[in-house]
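Contents: one structure, followed by commentary.
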Amino acid sequence: MTTIPLELSDLALAALLIVINGGLSIALQLDLERQLAIATVRMIVQLALVGVVLTTLFAQVSLLWTGLAALVMILFAGREIMARQERRLAGLWSYGLGTSCMLVAATLVTLFALTTQLHPEPWYHPRYALPLLGMILGNTMTGISLGLHTLTSGLVRERAAVEARLALGATRHEAVLPVTRAALRSALMPIINSMAATGLVALPGMMTGQILAGAEPAQAVRYQLLIMFLIAGGTGLGATAAVLAGALRLTDHRDRLRLDRLAAPLPAASRRTVT
Amino acid sequence: MLSVRGLRRPGVALETLDLAAGACVAVRGPSGAGKTLLLRALADLDPNQGEVTLDGEPRDAMPAPRWRHLVTYLAAEPAWWADTIGEHFPDWAAAAPLIAALGLPEDCRSWSVARASTGERQRLSLARGLAHGPRVVLLDEPTSGLDDEARRRAEDLLLEHFGRGLGALWVTHDAVQAQRVAERCLIVADGRAREAAL
């Protein structure tokens with residue numbers, strides 16, 4: 001496998017496209033140049049750091065350091081899940097619930113792939129473990145944020161309907177089922193859509209990367225399929241666990257709806273848009 | 001039948017209440033005094049403390065859905081969770097006579113919820129709450145949005161059920177209505193509910 005090496009001057013040339021976009025934004029008064037510049041600088045710094053970290057980790061091949069890097073990735077993703085919630089659970093639950101479901105789902109799926117399909121030597125080799133975890137984590141994170149967001153905002157919106165069913169003698173599971181169903185649908189829709197469209201609309205990034213690096217397309221396709229199965233599995237497990245646990249937390253043993261366990265709503269500015 | 005001792009929840013408390021089968025107690029008091037909170041606590045829809053029993057059976061000894069099946073709270077603003085009216089009635093045959101008695105047409109089963117007027121929805125909600133055969137109903141202004149004719153039908157239907165043993169707490173702002181439907185009265189004020197002359 002051979003890669004055509006990239007010089008810094010090649011990158012500088014490509015970055016000109018961003019400069020052109022920035023120029024357009026100024027010329028047309030789109031007010032996007034500041035955000036564009038910040039995002040570009042963040043991307044450069046973050047990726048450069050990741051490059052350094054990965055180089056170091058690959059040189060070490062240590063279970064401890066690989067595990068620590070994985071943990072840091074998971075904790076950052078957990079923060080992202082919390083930041084995307086319009087209505088958060090009160091107290092430690094707001095960070096803990098999404099993060100713990102993601103931790104369990106992503107770790108299980110990654111370990112499953114490392115020990116049964118890929119067999120790197122050693123099994124925790126960061127060259128396999130970290131990119132794999134990263135891809136699973138990114139999608140599981142999106143699934144859990146969408147699921148929890150739909151669950152909490154749905155229960156707030158449908159409060160009267162949920163309580164009307166409870167008042168007529170429905171169990172908490174029956175009463176919240178329409179909302180949990182919508183939450184899981186919105187959590188899984190991105191991965192279902194991307195499986196349905198992959199290959200037709202866009203070539204997946206990892207597969208493209210392997211092909212650019214000189215891999216046989218047939219092998220690259222197999223890797224992509226493996227990753228999609230892992231991502232779908234991780235997203236499904238994580239989102240289902242998070243939505244069911246969230247629904248349990250927002251009801252109680254006497255089958256009451258407990259929206260008092262949500263924190264006060266945040267002002268719109270301090271929250272990230274859900275993507 | 002329904003017995004309450006030392007009921008407490010944020011906003012309202014009720015020391016003692018005994019409701020016999022077929023009895024109706026009017027619940028009165030200024031807006032925001034906690035009448036709705038009291039009914040919700042009795043239905044166990046919000047956290048509360050106190051000893052509440054039905055025919056001697058403690059509320060805590062049975063699952064909450066079973067309790068609410070027997071002691072059913074009907075909110076002032078009825079809520080709907082499906083598209084058509086009929087989907088809200090698990091047993092339409094049981095509800096049909098009630099719906100007819102309230103002056104609603106039989107074909108309302110296939111109506112979309114959006115088609116029903118405020119008053120029609122309020123009557124449908126009453127039928128929905130009576131259809132499964134509760135022992136006690138907790139009525140939160142059940143006739144507030146109704147015209148005279150519809151209100152009379154709703155009162156007649158409820159009085160007929162009281163005659164067959166249904167117990168009720170009935171929140172109303174209308175003193176004359178309280179005289180018509182209830183024998184006793186609870187006044188809710190200053191965070192306390194206490195019995196008073198009707």
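Each value in this text was obtained by applying a stated rule to the coordinates, not by laboratory testing. Keep in mind that what you see is a predicted model, and the values were worked out from it rather than measured. Don't worry about glycine lacking a Cβ; one is built from the backbone with ideal geometry, like all the others, and counts go over all protein chains shown.
Points to keep in mind about this one:
- Normalised radius of gyration (Cα atoms, divided by 2.2 N^0.38 Å) for the protein assembly as shown: 1.32.
- Förster radius 60 Å - calculated FRET efficiency between residue B:117 and residue A:79 (Cβ-Cβ, nearest 0.05): 0.75
- For the pair residue A:39 and residue A:60, the difference between a 0.36 nm per residue extended length and the Cα-Cα distance amounts to 4.4 nm.
- Subtracting the Cα-Cα distance of residue A:263 and residue A:6 from 0.36 nm times their residue separation leaves 87.6 nm of extension gain.
- Modelled FRET efficiency - R0 35 Å, residue A:24 with residue A:222, Cβ distances, 0.05 increments: 0.25
- Radius 15 Å from Cβ of residue A:17, net charge of other residues (Lys, Arg +1; Asp, Glu -1): -2
- Orientation-averaged projected area, Cα convex hull of chain A (nm²): 18.1
- Fewest-first ordering of B:113, B:176, A:243, B:188 by other beta carbons within 10 Å of each residue's beta carbon gives B:176, B:113, B:188, A:243.
- Order of A:102, A:228, A:195 - criterion: other Cβ atoms within 10 Å of each residue's Cβ, fewest first: A:195, A:228, A:102
- Inter-probe distance in nm under a simple model that places probes 7 Å from Cα toward Cβ, at residue B:84 and residue A:71: 5.8
- Taken over region A:147-275, the ratio of Cα radius of gyration to 2.2 N^0.38 Å equals 1.41.
- Among beta bridges from DSSP that stay inside the protein assembly as shown, the antiparallel ones total about 50%.
- Table column - 3J(HN,Hα) (Hz), region A:44-55, Karplus curve with 6.51, -1.76, 1.60, x for Gly and Pro: 4, 5, 4, 5, 4, 5, 4, x, 5, 4, 5, 4
- Anisotropy class of region A:5-47 from Cα gyration tensor, a/c 1.5 cut: oblate
- Other residues lying with their Cβ under 12 Å from the Cβ of residue B:5 contribute a combined charge of -1, Lys and Arg counting +1, Asp and Glu -1.
- Built amide H within the under 5 Å cut-off of residue B:23, gap 5+: B:168
- Local charge for residue B:195 was computed over the other residues whose Cβ lies under 13 Å away, with Lys and Arg +1 and Asp and Glu -1, and equals +1.
- Folded to 0 to 90 degrees: helix A:93-112 orientation relative to chain A principal axis, Cα: 50
- ³J(HN,Hα), Karplus 6.51/-1.76/1.60, whole Hz, each residue of region A:3-10, x for Gly, Pro: 10, 6, x, 9, 8, 4, 5, 4
- Sorted by Cβ density within 10 Å, fewest first, the residues A:101, B:108: B:108, A:101
- Scaled radius of gyration (Cα, divided by 2.2 N^0.38 Å) that chain B gives: 0.99
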